[in-house]
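Below is one structure, written out as structure tokens, with a few remarks after it.
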Amino acid sequence: MTKLSVNINKIATIRNARGNNLPDLVQVAKDCEKFGAQGITVHPRPDERHITYQDVYDLKPVVSTEFNIEGFPNISFINLVLEVKPHQVTLVPDPPGVLTSNAGWDTLKQKDFLKEVISEFKSAGIRTSIFVDTKIVNIENAIETGTDRIELYTGPYADNFNSNKEDAITSFVKAANLANELNLGINAGHDLNLDNLNYFKNNINGLLEVSIGHALICDSLYHGLENTIKKYLDCLK
Ligand code: PXP
């Protein structure tokens, strides 16, 4: 079974546009779960331009499914995660100021750094995942960081899906097969949507979880949040 974790960053972006509590992020998280989402993902960035650190504390007692916090492991992020103790932390190599995460870790070059951070999270009982592209060298070295899972960066898959979906999925199938051989759990995310999700799910063995934000929130403008979540869940059946 592949879990759907809804990334609610965009809800915080809309709220922050007016400086009040509309929409109410905590209520949206509860509603996503009520409508069938099996996880909630947040990505607090250093400038807190969407999810704030306070949001993360507010969500912790409310999220009853899987709570996934993703972000770059600087010292304040590490302390936040260790204090909040989510089910999963996803480490992303995004420098401050970047619009959205647009690359995975170089797991060879960053191996020592990742090892250190991952062991700290694992000692605290938090499952770890690291955001990676499909380069074989990055998957091979991911296992040596000690991470429990990888999250495949699906941006390039989404970019190429409409022109040639068989080509678009090829490197992901190879990366996933290797991850399965190495006993690394597989998550995936970025630019997944109602068009490309089902094909991805059907071709990737052992896909444990997808985290989806932008397209899902956009779709919910037209279909409503409840229907939209059901449509995404249908793609994962
Ligand atoms: N995974 C990671 C690591 C991300 O940074 C993001 C975007 O915050 C997502 C998944 C979700 O991507 P999207 O908003 O395109 O669905």
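Using only alpha-carbon positions in the chain, the gyration tensor eigenvalues give semi-axes of 25, 23, 15 Å once each is multiplied by 5 and square-rooted (largest first). Summing +1 for each Lys or Arg and -1 for each Asp or Glu among the other residues whose beta-carbon sits under 12 angstrom from that of ASN7 gives -3. Helical content of the chain, expressed as a calculated mean residue ellipticity at 222 nm, amounts to -13500 deg cm²/dmol (DSSP H runs of 4 or more residues, -39,500 (n - 2.57) each, divided by residue number, nearest 500).
Annotation: peptides 47-54, 142-149, ranked by per-residue average of other Cβ atoms within 10 Å with the highest first, follow the order 142-149, 47-54.
Residues considered: ASN203, ASN164, ASN138. Largest GNM mean-square fluctuation over the chain, using C-alpha springs under 10 Å, is found at ASN164. Note on region 174-237: Cα-Cα pairs beyond 13 Å make up 63% of the total pair count. Computed over region 107-231, the P(r) curve from all C-alpha pair distances, binned at 10 Å from the origin, holds 13, 40, 31, 15, 2 percent per bin.
In straight-distance terms, cross-link reach from LYS10 covers every one of the lysines whose alpha-carbon lies under 26 Å from its own, apart from those fewer than eight places away in the same chain; here that gives LYS30, LYS34, LYS60, LYS85, LYS201, LYS230, LYS231, LYS237. Only alpha carbons enter this Debye calculation for region 1-85, each as an equal point scatterer, and the log10 of I(q)/I(0) it gives at q = 0.13, 0.16, 0.21 Å⁻¹ is -0.38, -0.58, -0.98.
The numbers here are math on the coordinates, done by the rules we state, and not lab data. Bear in mind that the values here come from a model prediction, so they are computed numbers and not experimental data. Ideal geometry is used to build each Cβ from the backbone, glycine not excepted, and the neighbour counts take in all protein chains shown.
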